[in-house]
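Remarks on the structure that follows.
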Amino acid sequence: MWVALRPQPHVGGLGYWIIPPARGLGLATAAVRLVLPWALNALNLRRLEAWVEPDNVGSQRVLRGAGFQQEGRLRNFITVEDRSSDALVFSVIPPKL
Ligand SMILES: CC(C)(COP(=O)(O)OP(=O)(O)OC[C@H]1O[C@@H](n2cnc3c(N)ncnc32)[C@H](O)[C@@H]1OP(=O)(O)O)[C@@H](O)C(=O)NCCC(=O)NCCS
């Protein structure tokens, strides 16, 4: 799991990968829930976002389960080996005080 700092100030991008034998055990959801407050507080982020391919249902469930909201869809945003795919955009922002 990693948090990349986007070019925009106070914006981070979340990524994760679980080794195949450990999938389906709730680990990704638990890890995202743990990392989320750390990323917002320690990294002083005002937005943590994730980009997910539309057919990656498992990853979308991970994000929704950790409190992310889907915002929209970026067309032809992800390119892997010359193949373009749309990306669904999810994000969390800190609660307003
Ligand atoms: C996507 C990935 C991170 C999920 O990790 P995981 O530890 O298996 O996820 P969890 O066990 O926390 O599952 C969370 C939810 O997604 C569901 N889910 C997991 N994999 C799924 C799949 N392949 N298809 C449908 N649902 C799936 C689980 O049933 C669970 O559902 P719930 O919310 O009803 O409980 C893992 O499959 C992975 O590493 N994939 C390859 C890398 C990747 O896609 N990274 C994300 C890029 S955006």
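Every number here is computed from the coordinates shown, using simple stated rules; none is lab data. Just so it is clear, the model here is predicted, and its values are computed rather than measured. Glycine gets a Cβ as well: all are built from the backbone with ideal geometry, and neighbour counts include every protein chain shown.
Numbers below:
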read-out	value
Cβ pairs under 6 Å, 6+ apart, first in the stretch 69-92 and surrounded by 11 or more Cβ atoms within 10 Å (Cβ to Cβ), second among the hydroxyl-bearing types (S, T, Y)	E71/S91; I78/S85
Among (1) more than 11 Å from the ligand (Cβ to nearest atom); (2) under 15 Å from L5 (Cβ atoms), the one test that Q70 misses	(2)
One residue from R46, R64 being more than 15 Å from A4 (Cα to Cα) and loosely packed, with under 14 Cβ neighbours inside 10 Å	R64
Flag for A39 being within 13 Å of the ligand (Cβ to nearest atom), part of a helix (DSSP H, G or I) and surrounded by 13 or more Cβ atoms within 10 Å (Cβ to Cβ)	no
In the stretch 40-97, the residues that are among the acidic types (D, E) and within 14 Å of G15 (Cβ to Cβ)	E49, E53
Test: residue in the stretch 6-23 that is part of a helix (DSSP H, G or I) and under 13 Å from the mean Cα position of the chain (by Cα)	no
The stretch 1-28 residues that are in contact (Cβ under 8 Å) with a residue 24 or more places away in the chain and aliphatic (A, V, I, L, M), paired with ones that are part of a loop (DSSP other than H, G, I, E, B) and surrounded by 10 or more Cβ atoms within 10 Å (Cβ to Cβ) (beta carbon under 6 Å, 6 or more apart)	M1/Y16; A28/Y16; A28/I18
